[in-house]
Structures are given as C-alpha cells and as structure tokens.
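A short write-up of the structure that comes next.
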Amino acid sequence: MQIYKTRLRARARITAATAAIAIRAHARLRANGDAVAAGKTPEARGAALSARHDKFPKPLKYHLLFPTRIANFFARNMAGVIRAMCGIVGLFLKDRALEPELGRHLAVMLETMTARGPDSAGFAIYGERAPDATKITLRAPADFDVALFAAELNAVLDFDAEIIQRSTHLVLVAPSSAEQRALAAVKALAPQLTVSSVGAHMELYKEVGLPADVARRFDLAGMSGTHGVGHTRMATESAVTTAGAHPFSTGKDQCLVHNGSLSNHNLMRRRLSREGVSFATENDSEVAAGYLSWRIREGDSLGEALEASLKELDGFYTFVVGTDTGFGVLRDPIGCKHAVMAETDQYVAFGTEYRALSALPGIEHARIFEPDPATVYFWERAA
Amino acid sequence: MTTEAPAKTFDLATSSVRELNQFLHRVKEGANLPRWRVLNPRGVHAIAAGVDADVTIEIDGDVGYYCAGMNKQATVIVNGNAGLGLGENMMSGLIYVKGDVSQAAGATAHGGAIVIEGNASGRCGISMKGVDILVKGSIGPMSAFMAQAGTLTVFGDAGEALGDSIYEAKLYVRGSVKSLGADCIEKPMEDIHRAELYERLKLAGAAGEVDIGDFRRYGSARALYHFHVDNAGAY
C-alpha cells in the first residue's frame with residue numbers, strides 16, 4: 001500500500017510498512033473543473049415507465065408446455081449442475097470487536113468461492129470513516145504513474161487530499177465539500193482512471209485473476225471495517241475484464257454483487273440509456289446496478305428499488321447490495337440461485353454456498369437459513 | 001443406530017473428498033461391510049456420492065451439494081445440515097439428516113428413503129420418481145414439482161405451489177400449505193392412505209411421533225397430463 005499525501009499531516013493509519021510520499025501543495029482548482037462537474041447531472045424525468053415487460057415470474061404451469069422430460073433437466077439445472085457460476089460472500093458485523101478481522105474473514109470466504117468464479121474477483125469494504133471526507137476509489141491502468149498524478153493533482157487542488165494506493169486501485173480521500181471538484185480534477189488530469197466508487201465509507205476493489213490473488217494484491221486480509229461484500233466471477237454474459245468484475249457501484253456508498261444472469265439486460269440497458277444512465281460494459285450485472293441507481297435517483301428507497309427490480313428484471317439472480325449501514329439480499333421469485341445465511345450474536349454472513357461460511361467463528365452454533373425467494377432482506381445498524 | 005462394528009474414520013481436513021469417494025466406490029458386495037465415519041466435512045460437495053454398497057456412512061458436520069447423490073444401498077447419516085441436491089437420483093438405501101437441508105432434496109430420486117429431522121428448502125422432491133421423503137420440519141416453495149412417484153411426508157408446513165404439475169406422487173402434509181401448484185388438489189384421506197402413511201413412518205422410525213389423523217393428502221387432479229386445447233388457459 002502506498003500513501004500519497006498532499007500535506008504532511010500525519011494520520012494514524014500510516015504504519016512503518018506503508019511508504020508515504022508527502023507533497024505539500026496549495027493550489028487552485030481550475031475553473032473548467034467546476035463546469036465539468038456541473039454538466040454531469042442528468043435531468044430527472046419522472047418515474048413513469050411502462051410495465052409492459054412485466055412478464056416474470058411465469059406461472060410454474062407454464063413449464064408444462066415443454067415435454068415431460070424437461071422436469072429432469074429442470075431438477076438438475078435448478079440443483080446447480082449447469083449454472084454453478086459466480087460466488088457471493090457478505091459479512092456484516094454486529095460485534096465491534098470483530099471489526100479489525102473483517103478483511104481476514106472476507107478474504108477466506110472469497111477464496112473458498114474460487115471454484116464458482118475463478119475469472120475475477122472483487123469486494124467492497126466499509127472501512128474507516130474519516131470525518132467530513134469522501135473516498136473516491138479509482139482504477140488505474142497497469143502503467144499508470146501514481147506519483148506524477150499525485151503531484152499534478154496537488155497542483156490544481158485547493159484543499160487537502162490524500163491518495164492511498166493499493167495495487168491498481170487508488171483511494172482519493174478529499175473533503176466531502178470538495179467531492180465534485182475532486183472528481184472533475186481527476187477526470188481532467190487522468191481520463192484513463194475509472195471511478196470505481198464514491199462514498200464516505202465504502203472502498204471498492206476488483207481485478208481479473210484468481211480470488212486469492214486479487215485479495216492478496218489489495219491486502220484484503222489486512223483491512224478492517226463494519227461490513228463488506230465480495231464476488232468471484234465466472235463470466236457468462238460478457239467478457240472477462242476488470243470493468244466486468246463485481247461489485248458494481250450503484251450510488252454513494254452503495255454497491256451490488258450479482259449471481260445469475262439476466263435475460264432482458266440489453267432491452268433494459270437501452271431503456272436506462274434513454275434515462276441518462278451510462279454503462280461502461282456489456283455486462284448484465286452492470287445493468288442491474290444501473291437499474292437500482294436509476295430507481296434511487298427517481299426517489300425510491302433501496303428497498304423499493306429492489307422490490308421494483310423483481311418486476312422489471314427478467315432472469316435468475318441473487319443480489320447482495322452493500323449500503324452505508326449494512327447489506328441487503330434479494331433472490332429471484334423462483335429462488336434459482338443458491339444462497340445461505342448464518343446469523344450469530346456477532347455477525348450476519350451470506351454465502352452462495354455454505355462452504356464459504358464454514359470457517360467463520362462460532363459457525364457451528366449459528367442460525368443457518370436460506371433467504372426466501374422474492375423477499376427483500378436487510379441487516380443494518382445505525383450509521 | 002445399533003451395532004457398533006469398528007468404524008473406519010476418514011478426516012476431510014487431511015484428505016480429499018475424491019479420495020473418500022474412491023474408497024467408498026471400491027467397497028465390494030459381500031465385503032465385511034464396515035461403518036465409515038467422516039470428520040470435518042465443512043460443507044464440501046459430493047460427499048459419499050455414487051456409493052453402491054451396503055455400508056453405513058456417518059458424517060459429523062455440515063455437508064455441501066449432492067451429498068449421497070445416486071446412492072444405492074448405503075445408509076448415509078449426516079450429523080449436521082446438508083446443501084443442495086441431497087440424495088439426488090438416489091436408487092435405494094437411506095439418507096438421514098439431523099439438521100436442515102437446502103433446495104432440491106431427493107431430486108429425481110427413484111427409490112430408498114430420505115429422512116430429514118429439520119426443514120427442507122424449496123423444490124424438495126422435484127421430479128421424484130419413487131423415493132420416500134420424510135421431513136419432520138417444513139418444506140419450502142415449489143416442492144414436489146412434477147413429482148412422478150413415491151411419497152413426500154411433511155410434519156410441518158409446505159410453501160407456495162406445492163405439487164405443481166404433479167403426476168402420481170403422494171403428498172402428506174400435517175401443517176398448512178401456503179398454496180397448491182397447477183393440477184395439484186387435496187384428496188380425501190382414507191384408511192388405505194392412513195395405512196400407507198403409517199407404514200412410511202414406521203420404516204423411517206417415526207411411527208408414533210405424530211397423529212396420523214392430522215395429515216392431509218394432496219395429489220394430481222390429472223387434468224394436465226396431456227395437452228388439451230380446453231386447458232390452454234391453464235398453462
């Protein structure tokens with residue numbers, strides 16, 4: 001981990017192991033930065049969206065249209081023989097004493113799900129919350145010169161900012177009041193950077209490769225926090241790229257991981273594009289994330305947005321959404337994708353398979369259950 | 001479980017499930033039928049899948065997917081919870097689970113018996129073809145979907161769309177049924193059915209645990225066996 005600071009104001013989390021490059025700077029944000037930031041917000045257009053695609057779920061008897069033989073196929077298919085792709089893990093801590101170990105547990109859970117998703121992995125972690133600061137997680141290309149970027153950024157910013165590097169990802173910590181200016185400056189100075197997430201609490205990392213390698217390069221095991229979600233990907237609907245890896249950010253301090261595949265994602269992408277939602281990939285899960293963001297932008301709560309997705313998104317899926325205060329779970333109406341949860345006095349944990357939970361402390365006495373299909377679950381605590 | 005022949009112990013913390021299954025597959029007919037004990041399963045998949053021998057395999061802990069799948073003859077005891085597809089396509093033998101089981105327990109199973117002390121999740125007994133499943137807790141939605149033969153007995157409640165598109169399997173539920181699937185109806189519980197139910201409970205060692213008179217019987221209305229244009233609206 002590399003920390004680039006714009007001021008020599010030491011912060012507690014700098015340890016001997018972290019080399020710090022400190023640069024003193026006091027500069028002015030260029031005027032055009034503000035303009036870029038202002039022009040970004042798409043117009044709100046009202047929530048009237050036709051429900052004509054509301055065809056899911058089909059009644060089960062619909063399947064009778066198929067030959068009887070389908071039952072065998074269906075049974076096997078549902079049992080996961082064919083669709084054993086992608087793994088999701090989530091851990092929400094109730095016991096603050098476990099917070100320093102969040103990353104360590106999440107890393108083990110993620111690695112256990114390697115067989116379900118060896119292509120790429122990612123995770124969102126809700127870690128240290130700096131007062132009045134926003135964390136902007138950025139993804140950089142391999143040859144990106146971080147030191148140069150930090151220096152250039154210093155030259156244009158008129159506030160304290162800090163850049164923490166973890167492998168290919170940079171977390172830019174800026175005062176909340178200067179968030180838009182920081183984003184505009186990043187866009188102007190280094191358009192090759194991708195904004196992975198924005199939030200006061202959440203950092204979002206993802207990369208191509210085996211889950212264990214991805215966890216290691218970002219030092220997930222060393223991270224602490226209140227909760228986190230992770231994903232291992234076996235690509236089915238689009239290419240294996242970092243951008244196609246999960247989680248997807250759906251808004252400030254919000255992310256989505258998805259297991260399954262959506263069948264109406266192209267149609268939905270076109271509809272959302274008309275609503276001003278932009279997409280970076282051909283990925284179906286990004287569409288789900290974009291859909292939720294759009295619903296929230298139109299005034300839905302996250303819970304309402306998830307409820308609405310039951311009608312609008314066709315396909316099979318389990319979603320886990322990370323929020324500032326906790327996480328939520330939603331399975332499609334026929335519960336196609338597996339999901340198992342464990343709850344103790346210390347934590348609530350989610351896994352696509354029970355294996356992922358098997359190393360958690362006290363799991364032998366945990367309440368183990370499967371979330372019901374088409375039911376929105378939330379575990380939260382006061383922010 | 002009565003007789004205590006010395007058990008072979010297999011620790012999955014130090015060996016792979018493949019090694020275990022290879023050992024189990026090598027047990028030949030007429031061998032001295034050992035008892036097997038499996039430790040530290042930790043949710044691993046396919047434990048004791050494909051066994052074809054009269055052995056008893058006791059697993060201490062939670063198992064993953066397809067435990068005892070395709071089982072023939074063997075008695076498999078799980079002292080914990082089981083994942084998806086428990087005993088799928090089982091032909092004969094007995095599977096006993098002390099905890100809860102995930103979806104699609106006994107999927108397409110042709111014979112033998114599955115006894116679950118806890119709850120079973122959705123699609124329990126999907127496309128079952130002759131297995132006798134007994135769940136002492138409740139079962140999830142879409143259970144006995146397209147079930148063809150065998151019995152599914154539930155001490156607790158059943159979730160939505162029970163027995164959707166069912167053929168000739170018999171469903172006995174003691175608690176409530178959230179909803180019945182297409183072509184599944186309640187049928188009168190007659191002496192012959194009470195006798196059959198008692199027989200099933202006795203075989204599972206559960207006779208006397210509950211009052212047979214509390215159960216209700218569900219089965220196929222046989223209206224959707226073949227496509228008929230008059231039923232087009234029902235599909």
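For this structure, a couple of remarks:
- Against the main long axis of the alpha-carbon atoms of chain B, helix B:191-203 sits at an angle near 10°.
- Histogram of C-alpha separations across region B:171-235, 5 Å bin width, %: 4, 15, 23, 17, 14, 11, 7, 5, 3, 0
- Here the ratio of the Cα radius of gyration of region A:87-243 to 2.2 N^0.38 Å is 1.06.
- Computed lengthening from A:Asp345 to A:Glu282, 0.36 nm per intervening residue step minus Cα-Cα distance: 18.6 nm
- Here the gap between A:Gln192 and A:Thr241, fully extended at 0.36 nm per residue and compared with their Cα-Cα distance, gives a gain of 16.1 nm.
- Using alpha-carbon coordinates, inclination of helix B:17-26 to the longest axis of chain B, degrees: 90 degrees
- Region A:261-310 - percent relative contact order, Cα under 8 Å, separation 6 or more: 31 percent
- Average silhouette area of chain B, convex hull of alpha-carbon atoms, in square nanometres: 12.9 nm²
- Taken about its Cα centre, region B:7-234 carries a charge dipole of about 420 debye when Lys and Arg each add +1 at the Cβ and Asp and Glu each add -1 at the Cβ.
- Pairwise FRET efficiency - B:Lys187 versus B:His228, Cβ, R0 = 25 Å, nearest 0.05: 0.70
- Euclidean distance between Cα centres, region B:198-235 to region A:214-250, Å: 46 Å
- Greater than 28 Å apart at Cα, pairs in A:Lys187/A:Lys311; A:Lys94/A:Lys337; B:Lys136/B:Lys187; B:Lys28/B:Lys202; A:Lys311/B:Lys98; B:Lys8/B:Lys129: A:Lys187/A:Lys311; B:Lys28/B:Lys202; A:Lys311/B:Lys98; B:Lys8/B:Lys129
- In this structure, A:Ala147 and A:Arg104 have a Cβ-Cβ separation that, at R0 = 45 Å, corresponds to a calculated FRET efficiency of about 0.90.
- Here B:Arg26 and B:Asp60 are evaluated by their C-beta separation; at R0 = 35 Å the FRET efficiency comes out at 0.95.
None of the figures in this text is laboratory data; all of them are computed from the coordinates on show. Note that the structure is a prediction, hence the values are computed from the model and not measured. Because the Cβ atoms are built from the backbone with ideal geometry, glycine has one as well, and the counts that use them run over all protein chains shown.
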